[in-house]
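Worksheet for the structure shown next.
The values are calculated or read from the model by the stated rules, or taken from the named source; none is laboratory data. Computed from a predicted structure; not experimentally measured. We place every Cβ from the backbone using ideal geometry, glycine too, and count neighbours over all the protein chains shown. Surface accessibility is based on the protein's heavy atoms, side chains included, excluding ligands, DNA and RNA. Shrake-Rupley method; radii C 1.70, N 1.55, O 1.52, S 1.80 Å.
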Number of protein chains: 2
Amino acid sequence: METDEGDETDAGVSTTRKTFAILEALAETDGLTITELTRRTGLSKSTVYRHLATLTDMGYVVERDGEHYIGFRLLEISEQARNRETGYAAAKRTVFELGQETGERAVFTVEERGEAVYLHRYGSRSNTLIGERRPLHTLASGKAILAEWDDDAVARFVAETGLEAITDNSITDPDELRTELEAIRERGYAVNDQEHMDGLRGVAVPVYTPDDDLLGALGVFGPTSRFKDEALHEELPTRLRDKADEIRVTLAYG
Amino acid sequence: METDEGDETDAGVSTTRKTFAILEALAETDGLTITELTRRTGLSKSTVYRHLATLTDMGYVVERDGEHYIGFRLLEISEQARNRETGYAAAKRTVFELGQETGERAVFTVEERGEAVYLHRYGSRSNTLIGERRPLHTLASGKAILAEWDDDAVARFVAETGLEAITDNSITDPDELRTELEAIRERGYAVNDQEHMDGLRGVAVPVYTPDDDLLGALGVFGPTSRFKDEALHEELPTRLRDKADEIRVTLAYG
DNA sequence: AATTGATATCCCGTATCACGAGATAGGTAT
DNA sequence: ATACCTATCTCGTGATACGGGATATCAATT
């Protein structure tokens, strides 16, 4: 009876869902009032009030002049996730160095639940990127990760998530994805040519632990004008591989 | 009737508290099994099971081989808190530079609910520090923040939180704290002489926004052997003030 | 001053729903 | 074959989270 899929919409603890609905609304727009939160969540006024009171009491929400904000205590929990494997922490410095040295934006990406998650970033004026999720098949780092999977796993990914087109260049055909991943395995690095955003190219390589487990992917991206020819296919891939090796060495010998 | 203090222990939504009890247990020790979680939280097995199912469904917890981990999705929410004010993001790079240039550990600290919270750090082998909370009066950065408050606010802080002694050098006397804060206001920087940990000294300065609001405190710390004489009272304070000004300028002119 | 409108806070009866005990199933070691 | 771990599911019951509405508070408007 494992084929009972269908309505897994709202199983479980509904109160917990309400709590996170409020937290997510606060994350989206900071400094909301209670009535504004009732509007956005669709919950009743008193429900929002009680949940906020609880969250505030626990320190996960702070209130100032009637406006509510996500409290820093949530950082305490989520940072544990980010530092789960020491490798994730080791990648932090590497991303910074990579950004400094190349003058481009750099990221360290991992996969979770079939999506790419940014764990570290350098550059990008955009306010945040950390923790944000993107479709694996539209990023250089995402494709670098997919290339590490076996065919079954990739097929499952395609079946479950699909290949959404974000730009005209996004890969949407499963066969095309397969040949692309094969090419990535061949040359050891992945390239993203405006598959996630027009005018933006990227390069990425997989990062391994000393035990040869996949840790994540290290990548840089920037405007097409600077990402072409030798830079795109020689200089950056080489530099990325060096940095990926550095992480592995750091993990092995502290 | 605002003097009804006393049993504000477990008001509010108890289910939410259970949810976070589980999340906190997972944050403390990664990769716990359900039965292990029941032991640590004191909740019943089926309760833990249902909560975990809900959290996993929402993506806040991930499960691998029967072991449960905090999911990266929580980062998505808490990073919003960290980047609430653009100043917090601006401080990130400054902390890194400060650490590189001085070769010491550097932190950016803010106050929330009467405690010091680390928002950025450089150095420190210790696995994480981000989001962790410390008593204000035992840190250089904490005292730098306290020195910005008026006497009433400080008195309220002392009354509510007390002045716990963490080391022999910790300030425990309210009068001593007052004179210390006055001295900090005079010279513009705060010094911590083994008030938080034996063998550790620190220096910190307040960081202001272009509107002269207090953003947080910027500090460095390290072994007493390197933190003395001119370094402690000339070189580092000057450098810190420069960096704090840089943040302010960045905020004003992008 | 008086009125309006927006907010947060509180109360309470009701129905929901989260709860724990126990039963089942699946796996591993003895 | 037995014992002993796990995770998962079911179910009846009682706690409790729920929303409607009443009240309080404050600011702006008249």
- Task: Check B:Val13 against each of (1) out of contact with any helix residue (DSSP H, G or I) (no Cβ under 8 Å at 6 or more places or on another chain); (2) among the β-branched types (Val, Ile, Thr); (3) modelled with pLDDT under 90 and name the one condition it does not meet.
- Result: (1)
- Item | Members of the range A:23-46 that are more than 9 Å from DNA strand C (Cβ to nearest atom) and either in contact with a strand residue (DSSP E or B) (Cβ under 9 Å, 6 or more places away or on another chain) or more than 23 Å from B:Arg73 (Cα to Cα) (or both) | A:Leu23, A:Ala25, A:Leu26, A:Ala27, A:Asp30, A:Gly31, A:Arg40
- Query: Do we find that A:Arg73 is of a type in the set (D, E, K, R) and farther than 23 Å from A:Asp213 by Cα in this structure?
  - Reply: yes
- Of the residues in the range B:46-90 that are of a type in the set (S, T, N, Q) and within 13 Å of DNA strand D (Cβ to nearest atom), the one that is surrounded by the most Cβ atoms within 10 Å (Cβ to Cβ) is B:Thr54
- Consider B:Gly87 against the criteria (1) at pLDDT 90 or above; (2) under 30 Å from A:Gly123 (Cα atoms); (3) more than 7 Å from chain A (Cβ to nearest Cβ): it satisfies all of them except one. Which criterion is unmet? (1)
- Among the residues of the range B:192-205, is any without any contact (Cβ under 8 Å) to a residue 40 or more places away in the chain and open to solvent by less than 20 Å² (accessible area, probe 1.4 Å)? no
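One line per residue, one yes/no per condition, for (1) at pLDDT 95 or above; (2) of a type in the set (D, E, K, R):
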residue: B:Asp152; (1), (2): no, yes
residue: B:Arg156; (1), (2): no, yes
residue: B:Thr161; (1), (2): no, no
residue: B:Asn169; (1), (2): yes, no
residue: B:Asp173; (1), (2): yes, yes
residue: B:Glu176; (1), (2): yes, yes
residue: B:Thr179; (1), (2): yes, no
residue: B:Ala183; (1), (2): yes, no
residue: B:Gly188; (1), (2): yes, no
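Could you tell me which of the residues A:Gly131, A:Gly142 is under 30 Å from B:Tyr88 (Cβ atoms) and assigned to a helix (DSSP H, G or I)?
Sole residue among the options that is under 30 Å from B:Tyr88 (Cβ atoms) and assigned to a helix (DSSP H, G or I): A:Gly142.
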- From the residues in the range A:91-110 that are more than 10 Å from every other protein chain (Cβ to nearest Cβ) and assigned to a strand (DSSP E or B), which one is surrounded by the fewest Cβ atoms within 10 Å (Cβ to Cβ)? A:Arg105
- Task: For B:Thr109, work out the one condition from (1) modelled with pLDDT under 95; (2) over 20 Å from B:Thr224 (Cβ atoms); (3) under 15 Å from the mean Cα position of the chain (by Cα) it doesn't fulfil.
- Result: (1)
- Is one or more of the residues making up the range A:12-35 closer than 29 Å to B:Gly114 by Cβ, charged (D, E, K, R), within 9 Å of chain B (Cβ to nearest Cβ) and loosely packed, with under 15 Cβ neighbours inside 10 Å? yes
- Task: Take the range A:225-254 and flag every residue that is more than 15 Å from A:Ala91 (Cβ to Cβ) and open to solvent by less than 30 Å² (accessible area, probe 1.4 Å).
- Result: A:Phe227, A:Ala231, A:Leu232, A:Leu236, A:Pro237
- Residue hits (the range A:24-45; within 11 Å of DNA strand D (Cβ to nearest atom) and within 28 Å of the chain's Cα centre (by Cα)) are A:Thr41
- Being open to solvent by less than 40 Å² (accessible area, probe 1.4 Å) and assigned to a loop (DSSP other than H, G, I, E, B) narrows A:Leu215, A:Leu181, A:Leu163, A:Leu177 down to just A:Leu163
- Query: So, of the residues in the range A:1-10 that are within 14 Å of DNA strand D (Cβ to nearest atom) and within 10 Å of chain B (Cβ to nearest Cβ), which turns out to be modelled with the lowest pLDDT?
  - Reply: A:Glu8
- Task: Can you work out which of the residues in the range A:145-160 that are out of contact with any strand residue (DSSP E or B) (no Cβ under 8 Å at 6 or more places or on another chain) and outside any helix (DSSP H, G or I) is surrounded by the fewest Cβ atoms within 10 Å (Cβ to Cβ)?
- Result: A:Asp150
- Per the filter on the range B:52-67, residues within 16 Å of DNA strand C (Cβ to nearest atom) and part of a strand (DSSP E or B) are B:Val61, B:Glu63, B:Arg64, B:Glu67
